[in-house]
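Chemist: Following this message is one structure expressed as structure tokens.
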Amino acid sequence: MLEAKGLYIEESALTGESLPVQKTGKRVEGTDLPLGDQENMAFMGTMVTKGSGRGLVVNTGMSTEMGKIAGLIQSAETLATPLQMKLEQLGKILIVLALALTAFVVVLGVIQGNELYHMILSGVSLAVAAIPEGLPAIVTIALALGVQKMIRRKAIVRKLPSVETLGCATVICSDKTGTLTQNKMTVTHLWTDGLMYTLPVKKKKGGGALFQRRAACLRCRKQQSLQTAGLRRFM
């Protein structure tokens with residue numbers, strides 16, 4: 001930005017911040033600054049909420065921040081789930097067993113005096129019969145049942161393979177309040193004077209008074225601990 005007059009730009013698409021950021025035409029010191037600290041830069045894909053400004057284009061296309069994100073998405077590798085890898089291993093094992101069975105039947109039939117043509121047909125028939133055609137359908141049904149169980153717990157799954165990966169997850173970390181919650185912030189734990197207290201969460205009137213009484217009780221305990229520490233120093 002060369003000049004900015006009360007310029008505010010909404011950059012939630014890049015930084016996740018919901019509030020508009022004020023821009024300036026002054027020089028910003030530092031190198032490799034995060035996007036949120038680059039106050040003299042305006043990025044493609046963001047929206048001006050108010051004010052005006054004048055700037056110089058320094059990057060276009062894939063060289064912009066949006067272009068870098070698009071490049072990362074395009075170059076991301078699609079990893080197979082543990083279930084898919086196990087199914088692939090099972091398929092290889094079945095193919096090897098089917099080929100070995102075919103060769104064994106053909107050789108054994110020729111040794112017994114049967115015609116080679118008929119024994120090859122018999123071996124191929126056994127190999128085809130050894131392959132479980134209903135395995136993909138069984139796996140799909142099992143994953144669909146998992147989706148139904150997650151729906152009962154108010155979880156929506158787009159892709160069936162993600163059911164398996166979600167089942168292996170023990171902790172999900174998120175830095176966006178409202179993305180995985182009800183967009184409500186409630187005090188549940190209070191830490192003071194080296195102690196942790198759990199506050200009851202109740203949807204009823206008078207919750208503020210309950211919190212005030214609990215805070216007053218904690219203040220009394222803190223004063224008692226300070227008095228005890230003072231007596232120990234005096235003694």
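Read-outs: derived from the displayed coordinates by stated rules, not from any lab. In this text the structure is predicted, and so the values were computed from the model without any measurement. Using ideal geometry, Cβ is built from the backbone for each residue, glycine included, and neighbour counts are taken over all protein chains shown.
Chemist: Residues with amide H under 5 Å of Leu7's amide H, sequence separation 5 or more or different chain, H placed in the peptide plane at 1.01 Å from N; which?
Modeler: So Leu7 has HN proximity to Lys23, Ser52.
Chemist: Another question about this same structure. Please go through the residue pairs Lys68/Lys159; Lys23/Lys68; Lys5/Lys68; Lys68/Lys149; Lys50/Lys159 and name each one whose alpha carbons sit more than 32 Å apart in this structure.
Modeler: From Lys68/Lys159; Lys23/Lys68; Lys5/Lys68; Lys68/Lys149; Lys50/Lys159, over 32 Å: Lys68/Lys149; Lys50/Lys159.
Chemist: Pull out the extension gain between Glu115 and Ile156, defined as 0.36 nm times the separation in residues minus the alpha carbon to alpha carbon distance; nm, one decimal.
Modeler: Extra length available between Glu115 and Ile156 comes to 8.9 nm.
Chemist: Related question: Pop out the ³J(HN,Hα) list for the stretch 3-19 in order, Karplus 6.51 cos²θ - 1.76 cosθ + 1.60 with θ = phi - 60°, rounded to Hz; leave Gly and Pro as x.
Modeler: 8, 9, 10, x, 8, 10, 10, 8, 10, 5, 5, 9, 9, x, 6, 7, 8
Chemist: FRET efficiency for Glu164 and Leu99, Cβ-Cβ distance as r, R0 = 41 Å, nearest 0.05? Could the numbers behind the result be given before it?
Modeler: Numbers: r = 30 Å, r/R0 = 0.73.
That pair, Glu164 with Leu99, gives E of 0.85.
Chemist: Taking a ≥ b ≥ c as the square roots of the eigenvalues of the Cα gyration tensor of the stretch 48-197, is the shape rounded (a/c under 1.5), prolate (a/b larger than b/c) or oblate? Mind dumping the intermediate values first?
Modeler: Working: a/c = 4.01, a/b = 2.07, b/c = 1.93.
Prolate shape, in that a/c is at least 1.5 and a/b is the bigger ratio.
Chemist: Just add up the charged neighbours of Met85: K/R +1, D/E -1, any other residue whose Cβ is under 15 Å from the Cβ of Met85.
Modeler: My count for the surroundings of Met85 gives -1.
Chemist: Let me understand the stretch 95-166 better: what is its radius of gyration from the alpha carbons, and its Dmax, in angstrom?
Modeler: Just the Cα atoms of the stretch 95-166 yield Rg and Dmax of 21.1, 66 Å.
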